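Contents: one structure, followed by commentary.
Here, each number is a calculation from the coordinates, and none is a lab measurement. From a predicted model like this one, the values you see are computed outputs, not experimental measurements. FYI the Cβ positions are ideal-geometry reconstructions off the backbone, even for glycines, and counts take in every protein chain you see.
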Amino acid sequence: MPVTAGGSDDISNIRPLCYQCNFKRHTKPIIASSKAKQMRKLRYVVKRGRSAGTVLTPHLHEDNHYVVSLTRYEKDYQRVKDEYALPEWVSKGYSVRMSNPSVKSHRSPSLITPGSIELYDV
């Protein structure tokens, strides 16, 4: 809700927008899109071995990007900034580097194939 329309200046009411988007928005409220309500995340549950049952999630690299790839070769890696964009990449057949830093055997990211990745609603 815009401050000019009685909205609060509390942090929960602030929306960081680029100049052009903010200018177009003017004093109109930002309407939560149906896409935002249907945000989905990825996970993979290890099926075999000592770590069976361990949940892996997309691995955030030091450069604040996630990695997807059609092959296992680093030269084919694509960097994705937004975690919520990952399901779209998976639907196109890309594998995702996933890890679980709290489990010793899965601290290093593994490339998980799209058929093994589970989508869930947030």
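Points to keep in mind about this one:
- Entry note, the stretch 34-121: relative contact order of 32 percent, from Cα contacts under 8 Å with a spacing of 6+ residues.
- Overall, the stretch 34-121 carries a charge dipole of about 300 debye about its Cα centre when +1 sits on the Cβ of Lys and Arg and -1 on the Cβ of Asp and Glu, all other atoms neutral.
- The label-point distance for E88 and K104, in a model that sets each label 7 Å from Cα toward Cβ, rounds to 4.1 nm.
- Residue exposure proxy: I11, I112, ordered by other Cβ atoms within 10 angstrom of their Cβ from fewest to most, comes out as I11, I112.
- Extension gain from C18 to N64, taking 0.36 nm per residue of separation minus the Cα-Cα distance: 14.6 nm
- Förster radius 41 Å - calculated FRET efficiency between D9 and Y120, Cβ distance, rounded to 0.05: 0.75
- Candidates per chymotrypsin sites (Phe, Trp or Tyr not before Pro) in the stretch 52-122, loop by DSSP, up to 10 other Cβ within 10 Å: Y73
- Translational diffusion coefficient (Stokes-Einstein; Kirkwood radius from C-alpha pairs) of the stretch 34-121 at 37 °C, 0.692 mPa s, in µm²/s: 247 µm²/s
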